Amino acid sequence: MAEQDDQVMDREDEADEDRDAYALDDSLRGRLRVLVAAGDVDRVDALMEPLHPADIADLLEQVSEGERAAWLALWSRGIDGEVLSELDWGLREEVIGLLPDHVLAEAVRELDSDDVVDLVEDLEEAQIEAILDVLEPSDRVAVEQALAYPEETAGRLMQREVVHAPEHWTVGEMIDHLRAHKRDLPEQFYHVVLTDPRMKPTGHVTLGRLLSSARKTPLQEITEDSFRTIPATQHEDDVAYAFNQYHLISAPVVDEDGRLVGVITIDDAMIVLDEAAEEDLLKLAGVGEESSLSDKIVETTKQRFPWLFVNLITAILASLVIAQFEAAIAQIVALAVLMPIVASMGGNAGTQSLTVAVRALATRDLTRSNLVRVVTREAAVGLINGVVFAVVMGIVGLVWFGSPALGGVIAAAMVINLLVAGLAGILIPVVLERLGIDPALASGAFVTTVTDVVGFFAFLGLAVIFLL
């Protein structure tokens with residue numbers, strides 16, 4: 001038995017090691033604080049040198065505001081464009097303000113145009129202008145053209161550096177062109193986009209097919225079937241959906257005339273998907289769509305206050321329902337003991353159904369064509385769970401208070417509330433989306449209100465009818 005316990009503990013330790021494989025060393029912040037306080041820039045440089053830009057960004061987010069300012073005052077030269085790109089959006093403005101002009105200029109120049117756009121679009125106007133001023137004229141024009149597109153569109157997401165070739169070229173001509181212009185190539189690219197004489201994309205070729213084909217092979221003969229173009233004005237959520245749905249690696253972006261203006265790569269699309277999932281999670285919790293650990297106290301308070309206020313209003317509404325049965329509660333104290341159980345179970349069941357519905361709407365799995373089937377399924381699940389827990393609570397009511405009637409009342413209320421919770425959790429997000437309201441943002445308050453009101457009303461109403 002002891003040997004089995006040791007094996008279990010060993011497996012748990014291995015699992016912890018796997019989870020922490022990419023985590024920052026806990027002692028790193030302490031060592032950094034000591035070196036910064038000592039003004040030892042060389043040892044700070046040696047400490048940071050092995051770290052990936054994403055790890056440096058994480059460390060910047062973990063230290064306090066004062067530690068961050070002292071660190072950057074001593075070691076700003078180590079902050080490059082990749083580190084700025086990895087920073088949480090709420091912290092970028094602060095870090096950029098702490099960097100000397102020459103460090104910021106060098107950091108921005110090494111970024112692709114899409115990364116520069118992502119970096120500046122949430123900054124103050126003065127900071128945007130300062131960053132644009134340090135760019136090469138051609139890069140500045142590319143960034144300004146991207147910023148001219150509406151926010152959260154493909155035009156903002158794309159990079160202007162595109163590897164393209166006339167559709168009549170051969171593999172050999174393309175390879176010779178790439179070698180002759182290697183300094184003008186993006187740092188990373190996955191396809192060569194083929195264009196007609198009007199600069200309209202007609203197909204694309206992967207680098208693998210390009211390098212594995214004979215030099216005389218026409219590029220048109222080795223194009224990929226997955227080729228799709230993205231309108232520059234298309235919303236970034238639709239772009240990310242297309243990448244995920246059709247397993248795209250990159251896709252050319254076209255203007256209103258269908259001409260090539262840029263390219264979107266899979267890393268940018270996945271960032272959009274990740275941000276959308278994160279926003280939905282934060283909205284469901286009512287803490288704002290852009291909350292982070294680096295937010296200041298006042299900002300965090302402002303983000304959370306509105307939904308706490310909404311929750312207060314819904315709680316008062318539920319209390320008004322309870323107040324209508326004040327006399328019944330005074331006569332049967334057991335009602336006050338048991339009624340939170342009914343409301344709590346309904347709230348949890350509604351949240352389960354709500355979470356599934358919001359995610360399905362975001363991924364477009366829940367549509368008009370399958371709505372009836374999904375609603376029926378959630379109602380059935382709520383009904384079955386309601387019956388099961390009704391039996392449990394009926395027995396609890398009988399054993400605890402010695403009253404078969406009370407057990408029957410709470411059992412019936414449990415069935416009603418879990419059925420309503422399942423329906424509310426799926427229907428409320430759908431209705432809100434049809435009305436043009438973000439279901440992730442507003443559904444939680446409505447579902448909670450419905451389950452609380454129905455739960456209290458069903459339980460107390462049945463108690464009045466059958467127990468008094």
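Laboratory data are not the source of any read-out in this text; all were calculated from the coordinates shown. It should be emphasised that the depicted structure is a prediction, and the values quoted were computed from it without experimental measurement. All Cβ positions, even for glycine, are placed from backbone atoms using ideal geometry, and neighbour counts span all protein chains on display.
Using every pair of separate Cα atoms, the Kirkwood estimate puts the hydrodynamic radius of the range 297-467 at 16.9 angstrom. Relative contact order for the range 23-148 using alpha-carbon pairs under 8 Å, separation at least 6, rounded to a whole percent? It comes to 20 percent, rounded to a whole number. Taking the fewest neighbouring Cβ atoms within 10 Å as the starting point, the ordered list for Asp25, Asp40, Asp139 is Asp25, Asp40, Asp139. As a proxy for reagent exposure, Ser250, Ser226 were ordered by neighbouring Cβ count within 10 angstrom, fewest first; the result is Ser226, Ser250.
Seen from a random direction on average, the alpha-carbon convex hull of the range 51-202 projects onto 10.8 square nanometres.
Tell me, what are the semi-axes, in whole angstrom and largest first, of the equivalent ellipsoid of the chain as set by the roots of 5 times the Cα gyration tensor eigenvalues?
So the three semi-axes of the chain are 53, 31, 23 Å.
Local charge for Thr223 was computed over the other residues whose Cβ lies under 15 Å away, with Lys and Arg +1 and Asp and Glu -1, and equals -2. Note on the range 164-285: along the principal axes its Cα atoms extend 59, 29, 28 Å, ordered by decreasing extent. Reducing the range 59-99 and the range 341-412 to their Cα centroids gives an inter-centroid distance of 48 Å. Number of Lys-Lys pairs in the chain with C-alpha atoms under 30 Å apart and a separation of 8 or more places or on different chains: 5.
With coordinates expressed along the principal axes, the C-alpha atoms belonging to the range 375-468 extend over 50, 25, 18 Å, beginning with the largest. Candidate membrane-span-like segments in the chain, meaning DSSP H helices with Cα atoms spread over at least 27 Å of their own axis and a Kyte-Doolittle mean of 0.5 or above, are 297-323, 334-362, 371-401, 404-434, 439-467, with no membrane implied.
For Ile297, Ile222, which order do you get if you count the other beta carbons within 10 Å of each Cβ and list the fewest first?
Values: Ile297 7, Ile222 17.
Starting with the residue having the fewest Cβ neighbours, the order is Ile297, Ile222.
Provide the net charge surrounding Asp196, with neighbours chosen by a C-beta distance below 12 Å and charges set as Lys +1, Arg +1, Asp -1, Glu -1. Taking every other residue near Asp196 into account, the sum is +2.
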